[in-house]
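Inspection log for the structure reproduced underneath, given as structure tokens.
The values are calculated or read from the model by the stated rules, or taken from the named source; none is laboratory data. Fair warning: this is a prediction, and the values are worked out from it, not measured in the lab. So basically every Cβ, Gly included, is an ideal-geometry build from the backbone, and we count neighbours across all protein chains shown. Accessible surface is based on the protein model in full, side chains and every heavy atom, while ligands, DNA and RNA are left aside. Shrake-Rupley method; radii C 1.70, N 1.55, O 1.52, S 1.80 Å.
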Amino acid sequence: MKIGILADTHDNIHAIKTAVSFFNSQDLRYVIHAGDYVAPFSLKELMGVSAKFLGVFGNNDGERMGLQAVCKNLHEPPYDLILDGKHIIVTHMLESLSKRSTMNTDIIIHAHTHVPKIVPGTPLYINPGECGGWLNGKSTVAVLDLKAFQADIIDLSVISRDRG
């Protein structure tokens, strides 16, 4: 099973549309957002993914009722789920997790720093970086292959240029 992962979209509609197009070209079962959509209008664009969508709130998601009106599958972090027998925690800020909450966890998806980073091991830590690209000029997402237990960072800035 493959999962698309993104975060920190921060209302960048162009980047969101690029991410949705990329995710829809992959064979994904889920797309997980680790927070900071910002406004409901940008979340509406994410609803164009063909995979099942779920996410957590970030520290810049002030209009939570409006966001939940667009997508009912948004949760307070940390959010636990089991996919393909793997225990996954999704949070926006890694600092919000306790040592106890990471025990017996296979994968931790987090964001907030806007810096893409994958730390192999158990748990496997995945920060997809910032899809919005506002801080560092790079729009990144991640793809996780649960069977291979491997994740890759995808630079959408490169994909967008190649298609443009």
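Key figures
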item	result
Residue under evaluation Lys147, criteria (1) open to solvent by 80 Å² or more (accessible area, probe 1.4 Å); (2) modelled with pLDDT of 95 or more; (3) more than 22 Å from Phe53 (Cβ to Cβ), criterion not met	(3)
Criterion: open to solvent by less than 40 Å² (accessible area, probe 1.4 Å), farther than 24 Å from Ile154 by Cβ and either part of a strand (DSSP E or B) or among the aliphatic types (A, V, I, L, M) (or both) - qualifying residue of Leu81, Leu67	Leu67
Members of region 95-119 that are at pLDDT 95 or above and within 18 Å of His75 (Cβ to Cβ)	Thr105, Ile107, Ile108, Ile109, His110, Ala111, His112
Residue, nearest to Ala15 (Cα to Cα), within region 86-131, restricted to residues that are assigned to a helix (DSSP H, G or I) and open to solvent by 50 Å² or more (accessible area, probe 1.4 Å)	Leu94
Unmet criterion (only one of (1) assigned to a loop (DSSP other than H, G, I, E, B); (2) under 17 Å from Ala7 (Cα atoms)) for Lys72	(2)
Residue that is open to solvent by 20 Å² or more (accessible area, probe 1.4 Å), part of a loop (DSSP other than H, G, I, E, B) and not small (Gly, Ala, Ser), where the choices are Asp61, Asp27, Asp36	Asp27
Val141 vs. criteria in contact with a Phe, Trp or Tyr (Cβ under 6 Å, 6 or more places away or on another chain), within 17 Å of Leu28 (Cα to Cα) and either part of a helix (DSSP H, G or I) or among the β-branched types (Val, Ile, Thr) (or both)	no
Residues (in a loop (DSSP other than H, G, I, E, B) and open to solvent by 20 Å² or more (accessible area, probe 1.4 Å)) located in region 39-58	Met47, Gly48, Ser50
In region 1-21, residue nearest to Ala34 (Cα to Cα) [restricted to those that are assigned to a loop (DSSP other than H, G, I, E, B) and of a type outside the set (A, V, I, L, M)]	Asp8
